[in-house]
1. Could you check, for segment 250-263, whether at least one of its residues is part of a helix (DSSP H, G or I), farther than 26 Å from Ile150 by Cα and assigned by TED's automatic domain parsing to the domain that holds Tyr168?
2. Do we find a residue being surrounded by 13 or more Cβ atoms within 10 Å (Cβ to Cβ) and either at pLDDT 90 or above or small (Gly, Ala, Ser) (or both) anywhere in segment 207-220?
3. Surrounded by fewer than 20 Cβ atoms within 10 Å (Cβ to Cβ), touching a Leu at 6+ places or on another chain (Cβ under 9 Å), modelled with pLDDT under 90 and among the β-branched types (Val, Ile, Thr): is that true of Thr239 in this structure?
4. Only strands (runs of 3 or more DSSP E) wholly contained in segment 107-200 count here; list those with 1 or more residues that are small (Gly, Ala, Ser) and more than 21 Å from the chain's Cα centre (by Cα).
5. Looking only at segment 254-281, filter to residues that are surrounded by fewer than 16 Cβ atoms within 10 Å (Cβ to Cβ), more than 14 Å from Glu163 (Cα to Cα) and not polar (S, T, N, Q); which one of those is modelled with the lowest pLDDT?
6. Run Glu92 past the list (1) charged (D, E, K, R); (2) at pLDDT 90 or above; (3) closer than 18 Å to Ile145 by Cβ and report the number of the one that doesn't hold.
7. Go through Ser273, Ser254, Ser224 for me and flag whichever is small (Gly, Ala, Ser) and in contact with a Pro (Cβ under 7 Å, 6 or more places away or on another chain).
8. Take the residues in segment 137-158 that are in contact with a helix residue (DSSP H, G or I) (Cβ under 9 Å, 6 or more places away or on another chain), of a type outside the set (D, E, K, R) and surrounded by fewer than 19 Cβ atoms within 10 Å (Cβ to Cβ); name whichever of them is nearest to Lys303 (Cα to Cα).
Amino acid sequence: MTIQQLEYVVALDTYRHFVTAAEKCFVTQPTITIQVKKLEDEIGFAIFDKSNSPFIPTDLGEMFVRKSKIILREVSDLKNMVNTELSNLEGEFKVGVLPTISPYLIPLISGSFSQKYPKSILRIEEMQSEAIIAALQKKEIDIGILVTPISEPYIREINLYNEPFVFYGQQLDALSTKKAISAQDVEHLEDVWLLENGHCFRNQVLNICNNTDNNKSIKFQSGSIEALKRMVDNYGGFTLVPEMAISKSDQGCSINFTDPKPIREVSLVVHHSFSKDTLIEALRSEILEKIPNDFIKKKNFMKINWR
């Protein structure tokens, strides 16, 4: 017995004509005939007395039709409840964001998102990549914003944008006169400032610079992108930073990479069981509205993985 079969029975009771009932159910007349016959065989009695024209329900059939209408009404109410819940943006949601993304992205969207969705509260916590992945698996957070791909079987990745890496050095650096540099230009430079262990951004910089943690030219000093920039300003050397970390107030010299630019792919990530697609789409739309258009439209790039 299926919901579809019950719908056919109610349609036949309403229109008392197989062809009309089939048209109203958007199926062929043989389909509705076969399905109702299967249902009658299953329950062991005839629902309609076809000796009359138009046909009428049998005594047991009347009871069956009445119960079918109640069941279909309950199913409809259940569907409406589920749809309302899935589209509801009210409530509190926990969001884990990378420390190398949060200071530059969250201030762009927090005010406007709160104005558009005042009943939706985002509790945002800075977390490193592995911590976000673990928290999603345990369902301790609802959404993560991190660098992908991570290729975890229980996580769904929703791509947001591709953010280029930018060279950052002192104004008097030998490279400061260049309009653009290549990855080969930075491979053998000394005094690379990196984030501490545990940051996925650190791994990406090492991949771009073709370096390893054992390289003596690498200095391990800082815990944030802004701290890296200040170390470069004060002590020389260089670092790579995400483009959104560059500001007009920077003392140092920032240089873009030549095409294909090395980029990091930033995505929303959720557990596969997370069902509030309306919230995901609202957050995604807000982010895409605020970031540089080039992050979305540019096609010629080189994705740098961190895993």
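1. The first filter runs over segment 250-263 and keeps only residues part of a helix (DSSP H, G or I), leaving none.
Taking every residue of segment 250-263 in turn, none turns out to be part of a helix (DSSP H, G or I), farther than 26 Å from Ile150 by Cα and assigned by TED's automatic domain parsing to the domain that holds Tyr168.
2. Looking for residues that are surrounded by 13 or more Cβ atoms within 10 Å (Cβ to Cβ) and either at pLDDT 90 or above or small (Gly, Ala, Ser) (or both), one finds none in segment 207-220, hence no.
3. Working: surrounded by fewer than 20 Cβ atoms within 10 Å (Cβ to Cβ): no; touching a Leu at 6+ places or on another chain (Cβ under 9 Å): yes; modelled with pLDDT under 90: yes; among the β-branched types (Val, Ile, Thr): yes.
The answer is no for Thr239.
4. Result: 155-169.
5. Asp277
6. So Glu92 meets the others, but not (2).
7. Working: Ser273 fails: in contact with a Pro (Cβ under 7 Å, 6 or more places away or on another chain); Ser254 fails: in contact with a Pro (Cβ under 7 Å, 6 or more places away or on another chain).
From the options Ser273, Ser254, Ser224, the qualifying one is Ser224.
8. Ile158
The values are calculated or read from the model by the stated rules, or taken from the named source; none is laboratory data. This one's a predicted model, so the numbers in the text were calculated from it and none came from an experiment. Neighbour counts run over all protein chains shown; Cβ positions are idealised from the backbone, glycine included.
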